[in-house]
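Read through the structure below, which is laid out as structure tokens, and then see the notes.
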Amino acid sequence: MSAIFESTEDLHRCARQLAAGELPPGWDIVPGSSSARVAVHSAAQVYYKEFTTRSPMAQVKALLFGSRATRLRKHGNALLYAGIEAPASLAWGKLPGGREYLFTRAAAGQDIASWLQEALAERSGETLALRRKLLEDLGVFIGRLHATGFVAGDLQATDVLADLRENRFQFTLINNENTIKMLPPSGRKLLMNLVQLNLLPPQTISRTDRMRFFAGWRRQMRELSSIEAKVLAAEAFHEAMRQMYESGKL
């Protein structure tokens, strides 16, 4: 567990306090989520996520496929079993009013968007070399994800964390509530993920950057023909540009 939380009961006790609006020592609320209440214990590297009840349709989906907390936990476990890094679940339970909660271990690193826009924004010297390595290694990671049969429900650049260890990038896929496994993954689902990852403006990643990512991705997707891979890459690029243009990001 950790030196701070010696048992899962310690976490369950924190869940009851957090759900009641209290803030136990060491915990901080993470702002920004509209569909779940999130808190973090930075010293213990543990996240708390509280899922509230949603629309009647979401309740039907929960009956058919499991609750949001259950899906997040099961999908994360499936990824870990397949050798793909995801936040490990530590404890979970139910709360009054149909709410649920899940504790996960915090993943190391920062998200891809932060790497590209901040840490590796400079395009010269060693920074440029590391930037190129990040994009190629990211392509390999996403290609391995897809080749294993997993498709993320949402795959923004903020949904992949990268940690640099001894000049190698290690990746973790987060927010796996709607991650699914299908063998083989459909071209439509693959395109969806590739478009989502490409929703970064040209000032953040150039065409050459995108092709470096696709080259790494293509090496893992051995079941695709060269023509199929090129068509997916081209369609992903053009669709991402179209969406960003229509949303005013270009």
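Readers should treat all values here as calculations from the given coordinates under stated rules, not as data from a laboratory. Here the structure is a predicted model, which means the values were calculated and not measured. Note that each Cβ is placed from the backbone with ideal geometry, even for glycine, and that neighbours are counted across all protein chains shown.
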Legend entry - Where Cα atoms sit under 17 Å apart: lysine pairs in the chain separated by 8 or more or lying on different chains: 7
Legend entry - For the chain, size of Cβ-based charge dipole, Lys and Arg +1, Asp and Glu -1, in debye: 700
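Using a Förster radius of 22 Å, what is the FRET efficiency between residue 122 and residue 30 based on their Cβ-Cβ separation? Nearest 0.05, please. Working shown, then result.
On the way: r = 29 Å, r/R0 = 1.33.
Approximately 0.15, to the nearest 0.05.
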Legend entry - Computed over the chain: relative contact order in percent, which uses C-alpha pairs under 8 Å that are six or more apart: 17
Inset, instruction - Along Cα→Cβ, 7 Å out, is where each label goes; now give me the distance between the ones at residue 181 and residue 45 in nm to one decimal. - result: 2.6
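Assuming R0 = 41 Å, what is the FRET efficiency of residue 80 and residue 211, from their Cβ-Cβ distance, to the nearest 0.05?
Efficiency computed from Cβ-Cβ geometry: 0.85.
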Legend entry - the stretch 132-235: trypsin sites (Lys or Arg not before Pro) in DSSP loop, at most 10 other beta carbons within 10 Å: 222
